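The values are calculated or read from the model by the stated rules, or taken from the named source; none is laboratory data. Predicted model only: the values in this text are computed from it and were never measured. Cβ atoms come from the backbone with ideal geometry, glycine included; neighbour counts cover every protein chain shown. We work out accessible area using only protein heavy atoms, side chains counted, and drop any ligands, DNA or RNA first. Shrake-Rupley method; radii C 1.70, N 1.55, O 1.52, S 1.80 Å.
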Amino acid sequence: MKIALLAPEVAPYAKTGGLADVAGALPRCLSRAGLDITVFVPFYGEVKRKGLTLVKALDGRPLLWKGGTERFHVWADPTTPYPVCFIEHDGYFDRDGLYGDAAGDFPDNGERFAFFARASLEALKALPFEADVVHVHDWQAAVALAYLRRTLAEDEFYARMRSVCTIHNMAYQGLFPPGILDGIGLPGRLFHFDEMEFWGQVSFLKAGILYATAVTTVSPRYSREIQTPEFGFGLDGLLRQRTENVSGILNGVDYSAWDPASDVLLPARYTAADPAGKAVCKRELLKEFGLPVPRQDGPVLGLVSRLVGQKGLDILLEALGGLLALGTRIVVLGAGDPALQNALLAARERYPSFLGVKIGFDEGLAHRVYGGSDLLLVPSRFEPCGLTQMYGLKYGAVPVVRATGGLDDTIEEFDPATGTGTGFKFDEPTPAALVGAVRRALAVYGRKTAWTQVLRNAMGADFSWDRSARRYAELYAKITE
Ligand code: ADP
């Protein structure tokens, strides 16, 4: 089985969120399981500047583009067990930032990712790599299926390829003015209700949903949620039409990168059986956030997140007074929306001894937040899968999550009576509900036997990729039968 996986970000090369972790770990697992897989990702400026030793796989391939010819190169990482191919076009990709900079999204994102998608398909033929399945992730890659089904369908090389479109977040759809089609080599007739048109614009994600052989999303609950008006962002009707072909496969955790027993990014290592190192992590974390280390140990709450509306930071901000009144210290690592950044920094001014805030994207610090926190907060308004709660589990930062999407699928409320469960959940997206869940968690935190039990359950929970990768492999097999 040959799989071409197209993604706009892949860990450890380029990452802004969970998609990168998925596109990094899933192919490794599939390749271990014997599938022949090639990954395609844009050759961003930040990847170039990492100084990796890459080999040139394709040189100066021409593509008809915007009424002329554009050339691209393909570079491959020789150190991975399967090819990770970087699509090089400096005009589009050699910039600071993957999708935008301080001024906002790049204005030519539609063109940039259409080029990435089209060039990846071109590379398949040139290499050649006769994929059985083209697996596209999110709108940036989903547009590839418009080419596959609408402009390349007559070409025998492409005609037999099946496809999977994985939606990591319905909130991001890749909407562009209708005029884009001509420039990116797609026929104007695709600006039609039954094709890529969406409320007067062209939707790249709609192409993925419409043209894919199968559509997946990253948790079972989210696959049901997106078929409702509340979570479907206007595409729920189309998803309902395709419901037979829509499924949810939970993301996994790459425990080779996320394990406190071996994590070199932590100041000390620990396990559930030997947790002493966690106390070191906790002390060092408070120091790293510039918070005083209290003489008497108390609960530390951590949060690692993109700062966008989805993540419920407004709920946290409003709950701060109530949470700190419970005797907690809170550390927040995040980057994104300037208004949320400023609100967090202003809150830190207000509670300088109790609230630590770091603005920026910092992989090492993210690991240390999971390592040094007792509770991990995930107050999302919606959450397709969520990885931070799964990292929290493994690192003994017991998750306190809103019961939505993948958060609801992965966390089981701890029951002190039976000793089962891995975290604490709340339903309403309100500060009172968040504070209530933290209060329940702290009642357990205060009782050594019960806390040891919830830690053991959390750290022992298994979300390794193998099971999820098997589900993808089964799906590939089913659609190519
Ligand atoms: P999303 O994909 O919506 O951002 P996920 O929970 O699926 O949410 O994945 C988030 C990933 O990004 C995790 O690996 C998390 O550790 C990481 N992350 C988020 N914000 C930051 C940050 N500011 N610094 C470092 N890592 C971050």
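Given labels modelled 7 Å from the Cα in the Cβ direction, how far is it in nm from ARG350 to ARG49?
According to this spin-label approximation, the distance is 3.5 nm.
Given R₀ = 22 Å, FRET efficiency for GLU130-ARG242 by Cβ-Cβ distance, to 0.05?
E(calc), rounded to 0.05, equals 0.25.
Got the relative contact order for the chain handy, in percent, Cα pairs under 8 Å and 6 or more residues apart?
Computed value for the chain: 12 percent relative contact order.
Once amide H atoms are built 1.01 Å from N in the peptide plane, which residues 5 or more positions from ARG402, or in another chain, come under 5 Å H to H?
When sequence neighbours closer than 5 places are left aside, the close amide H contacts are VAL378, SER380, PHE426.
When the Karplus curve 6.51 cos²θ - 1.76 cosθ + 1.60 is applied with θ = phi - 60°, which whole-Hz ³J(HN,Hα) does each residue of segment 453-462 get, with x for Gly and Pro?
Going residue by residue, I get 5, 5, 5, 5, 4, 5, 5, x, 4, 10 Hz, with x marking Gly and Pro.
Using packing as a proxy for protection, rank 200-207, 368-375 so that the peptide with the highest average count of other Cβ atoms within 10 Å comes first.
Details: 200-207: 23.2, 368-375: 26.5.
So the peptides 200-207, 368-375, ranked by packing, come out 368-375, 200-207.
Towards the positive end of the charge dipole of the chain, with charges on Cβ (+1 Lys, Arg; -1 Asp, Glu), say which of VAL438, LEU152, GLY419 has the farthest Cα.
GLY419
With every protein chain present, what is the per residue accessible area of segment 353-481 (1.4 Å probe, Å²)?
37
Can you tell me the length gained on complete extension of the stretch THR430 to ASP36, counting 0.36 nm per residue apart and subtracting the Cα distance?
The span from THR430 to ASP36 would gain 137.2 nm if fully extended.
Angle, helix 431-445 long axis vs. longest principal axis of the chain, Cα atoms, 0 to 90°, nearest 10?
60
If the chain between ARG447 and GLU230 were fully stretched, how many nm would it gain, using 0.36 nm times the residue separation less the Cα-Cα distance?
74.2 nm
Straight-line reach from LYS48: which lysines have Cα under 22 Å away, leaving out those fewer than 8 places along the same chain?
Cross-link targets: LYS15, LYS56.
For segment 189-310, report the accessible area per residue in Å² (1.4 Å probe, heavy atoms, rounded to an integer).
Spelled out: the 1.4 Å probe surface of segment 189-310, per residue, equals 45 Å².
Could you calculate the contour length gain from SER464 to THR80, that is, 0.36 nm times the residue separation minus the distance between their Cα atoms, to one decimal place in nm?
Contour length minus the Cα-Cα distance gives 136.3 nm.
How far is it, in nm, from the label point at ASP182 to the one at THR420 when both lie 7 Å from their Cα along the line to the Cβ?
Computed distance between label sites ASP182 and THR420 equals 6.3 nm.
For segment 216-222, in order, what is each residue's ³J(HN,Hα) by Karplus, 6.51 cos²θ - 1.76 cosθ + 1.60 with θ = phi - 60°, in whole Hz (x at glycine and Pro)?
My calculation for segment 216-222 gives 10, 10, 8, 7, x, 5, 5 Hz in order.
Given a Förster distance of 25 angstrom, what is the FRET efficiency for PHE361 paired with ALA279, based on the Cβ-Cβ distance and rounded to 0.05?
Working from the Cβ atoms, E equals 0.35.
Pop the C-beta distance of THR69 and ASP90 into the FRET formula with R0 = 22 Å and round what comes out to the nearest 0.05.
0.90
Once neighbouring chains are kept in place and the probe is 1.4 Å, which whole percent of the accessible area of segment 276-462 is contributed by carbon and sulfur?
Looking at segment 276-462 in its full context, I get 53 percent from C and S.
Which order, highest average first, do 300-306, 142-148 follow once you tally other Cβ atoms within 10 Å for each residue and take the mean per peptide?
Details: 300-306: 24.1, 142-148: 28.0.
The densest-packed peptide leads the list: 142-148, 300-306.
Based solely on its DSSP helices, what 222 nm [θ] is calculated for the chain when runs of n ≥ 4 H residues each add -39,500 (n - 2.57) and the sum is averaged over all residues, nearest 500 deg cm²/dmol?
Per the formula, -11500 deg cm²/dmol.
Can you tell me the 0 to 90 degree angle between the C-alpha axis of helix 313-325 and the longest principal axis of the chain, rounded to 10?
10
Modelled label-to-label distance, ARG160 and PHE193, 7 Å Cα→beta-carbon offset: nm?
Distance between the two pseudo-spin positions: 3.8 nm.
Quick one: of the DSSP bridges fully inside the chain, what percent are antiparallel, nearest 5?
Close to 30 percent.
Keeping the other protein chains in place, figure out the carbon and sulfur percent of the accessible area of segment 1-147, with a 1.4 Å probe.
50
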